[in-house]
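Notes for the one structure printed next.
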Amino acid sequence: MIVRIMDRVQAAVARARPRHGGSYPRVLAALRRIAGMLALHGRPLPARLAVVLLPVTLVATTLGLLRVADTRAEGRPLADAERYVEVSRAAVAASNALEDERDLAARAVAGGRERLDLDGAFAASDQELNRLEAAVDQVGDPSLAFARGELRSRLRGLDELRIEGFGPDLPATTTVSRYGAIVLNVIQLGRAADGLAVRHGGIAGDTAGVFDLLVAAGLNSQRRALGTALLTRGSAERGERATLGGFTVLVDVQTETFRSVASAGTLALFQAAGVEAAASDVDLLAQRIAAGSTEIAARDWIDLTTLYLAKVRQVIQTVVDRGADQIAALRAAYAEDLRRDVAVVLVVLFGTVLAAGLVGYGLIADLRRLRNRMRHIAEERLPRAVAAIGAGSPPEHPDDAPAPPDEIGDLTRAFEVVQDEAIRLASAEAMLRVTMAGVSRTVTQRTEDLVARQLELITDLEQRQVEPATLERLFQLDHLSTRIRRHSDNLLVLAGAGPGWRWPRPAMLQDVVQAATAAIEQYRRVEVAQLPAVAVAAPVVVDMIQILTELIDNAAKFSPPDRPVRVTAGPLSDGGYRIEVRDAGDGLGSRRAAALNARLSRPALDDLGDEPTLGLYVVSALAARAGIGVHLIPIERGCVAAVAVPGRLLTASAAPADLRQREPLLAAAREARP
């Protein structure tokens, strides 16, 4: 895509640029470099796929995380609402505990101002108040700070009230009213928390009016405390009966307020609990007490008002718990949505990565199969085809697997065309090489025959000649013919054929080295030490002569003409012998020696034009054929060519060679020819 865009840009710029040139070529070159960088040319395919898929994956992941964040943000107010509900619950429990404590305190005041055992009531109230403060602290909402401050200021006087409420100068109405002020502050704090819970939780109307009913319960508790004091004392102080009647009016007013704002569900619960009937009974009994009736027992009054309070508190607690359960259910639903969104994001992300991985793996697998196929053709099929042609049989043409109908399939089919052409060309080249090798063998064999006939004539002339000068010239001509035959033998090696002559029996190692020395031009410089009395097996005598001839000739050529070339031999641990050809030339560097040793270990028909490459190939080919090891060792002054002859190619003794002639093995070779 980027390349097509760059081509269009180049075409547009080419149409717009002036004919006299300018900086457009440089701009286009820069743009193409940028396009190449963006296209990631030369980068591994997994890296390209990752770069292509990474932005899409990041965008999808970001959108999913935003959705998760939105769901979490939507559910956060519900957590706040749960904390506000805990404040409301604690306020209801604290107001109930304080009301019960107040009623017991009023009875104590009315009963002669002797303090009853109120430690349990005090402990229950303190526990609920501490729970309320802890719930408020958990919320940490500044909007509750005022109500909490008012409550704390009231609670600082609670200990004084618990002591002074039993003093001789504090009437029961004062004790009841001071407790009522504290209870009212608790209710106000609970009402504020309930309003915040409704606002945060989205459950408007479900708990509406519940704290109005709690106020009515508190007023009824005050009425119970005052009535209990009157009935316990048996007399009323100034204004107490009027206050009792006023509480009845306030309870009725607050109850009507509750009915006006409460939800239908709350009203149904209120009616089902029988609160109205209990309230009517309490009102009738309160009117009789306010009228001064003395026929009412304190226990009846306490039981009736306590029953009313129990019913009201049951309604209040049920409504508050129901609101808390609704908020908890909503929060659980949001938590489920959050888990679902996270799961969807993870599934999408994992699915995207998995799909990308599978697609990338499939693409890479196809490319690897294509690569392996190319290597198989280059490393196995082509060499087999060449070997088959060299053996005179047609190359095999295996059926190729069908290519897929995609771009890689197009590449595969194109490569099949290339491989067929490569096999055809390799076959043609191999056929040409086989043909040329055959021609070379034929010509070389004929040359060998002519050289052999020439050597026979020279030998005959040497035997007839008695003049020393002429005989010396004949010896030189004989030596020159021997060197010609040596090069003919090298041509046979290059053509893949065996030597032009064979030695029919084992030959002593000393004679083999002497024969190799006699085949080089500077044979007078070669110093052959006394070699071990071992014989070389007949099948490898000629190969050994050729190997040593090339190594000795190279040593003589690449060393000063006034320095000798020394040939020595010694035993090896495996029963074989090591022959060393040591020269005193300029020497080989370690890198050059490593390169030449690589050629010696692996014969290769490439770059054979220069010495010593040609001779080293002949040595390498003959050594590989005979199973002989050849290695070049660089030394400080010169080089050592080490020839390792295994014990299986040696024998203990051999018939001595004919040393009467100057070229003993050459004479024997002539005898061996048919």
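Observations on the structure shown:
- Filter pass, Gln510 being farther than 18 Å from Val640 by Cβ, part of a helix (DSSP H, G or I) and in contact (Cβ under 8 Å) with a residue 40 or more places away in the chain: no
- Selection status of Asp325, buried (at least 16 other Cβ atoms within 10 Å of the Cβ), of a type in the set (Asp, Glu) and more than 20 Å from Glu99 (Cβ to Cβ): no
- Of all the numbered requirements in (1) buried (at least 24 other Cβ atoms within 10 Å of the Cβ); (2) in contact (Cβ under 8 Å) with a residue 40 or more places away in the chain, Ala529 misses one, and that requirement is (1).
- Of all residues in segment 463-496 being of a type outside the set (Asp, Glu), farther than 23 Å from Asn554 by Cβ and not in a helix (DSSP H, G or I), the one that is modelled with the lowest pLDDT: Val466
- Residue, nearest to Arg241 (Cα to Cα), within segment 260-305, restricted to residues that are of a type in the set (S, T, N, Q) and loosely packed, with under 14 Cβ neighbours inside 10 Å: Gln287
- Near pairs, Cβ below 7 angstrom, 6+ apart or cross-chain, from segment 320-335 (within 12 Å of Ala81 (Cα to Cα) and touching a residue at least 60 places away in the same chain (Cβ under 8 Å)) to any residue that is crowded, with 19+ Cβ neighbours inside 10 Å and among the hydroxyl-bearing types (Ser, Thr, Tyr): Gly323/Thr207
- Taking every residue in segment 352-371 that is farther than 18 Å from Val59 by Cα and pairing it with any residue that is among the polar types (S, T, N, Q) and modelled with pLDDT under 80, at least 6 positions away or on another chain, the pairs with Cβ-Cβ distances below 9 Å are Asp366/Thr412; Arg369/Thr412; Leu370/Thr412.
- Search result, residues across segment 618-634 that are in contact (Cβ under 8 Å) with a residue 24 or more places away in the chain, touching a strand residue (DSSP E or B) at 6+ places or on another chain (Cβ under 6 Å) and either more than 11 Å from Ala644 (Cα to Cα) or among the small types (Gly, Ala, Ser) (or both): Val619, Ala623, Leu632, Ile633
- Leu304 vs. criteria under 30 Å from Glu82 (Cα atoms) and in a helix (DSSP H, G or I): no
- The sole residue among Val315, Val347, Val359, Val353 that is in a helix (DSSP H, G or I) and in the same structural domain as Ala97 (by TED's automatic domain parsing) is Val315.
- Within segment 523-642, strands (runs of 3 or more DSSP E) holding 1 or more residues that are closer than 24 Å to His479 by Cα: 526-528, 565-571, 577-583
- Ala105 meets the conditions (1) surrounded by fewer than 23 Cβ atoms within 10 Å (Cβ to Cβ); (2) at pLDDT below 75 in every case but one. The failed one is (1).
The values are calculated or read from the model by the stated rules, or taken from the named source; none is laboratory data. Everything quoted here is computed from the prediction, not taken from an experiment. Glycine also receives a Cβ, built like all others from the backbone with ideal geometry; neighbour counts cover every protein chain displayed.
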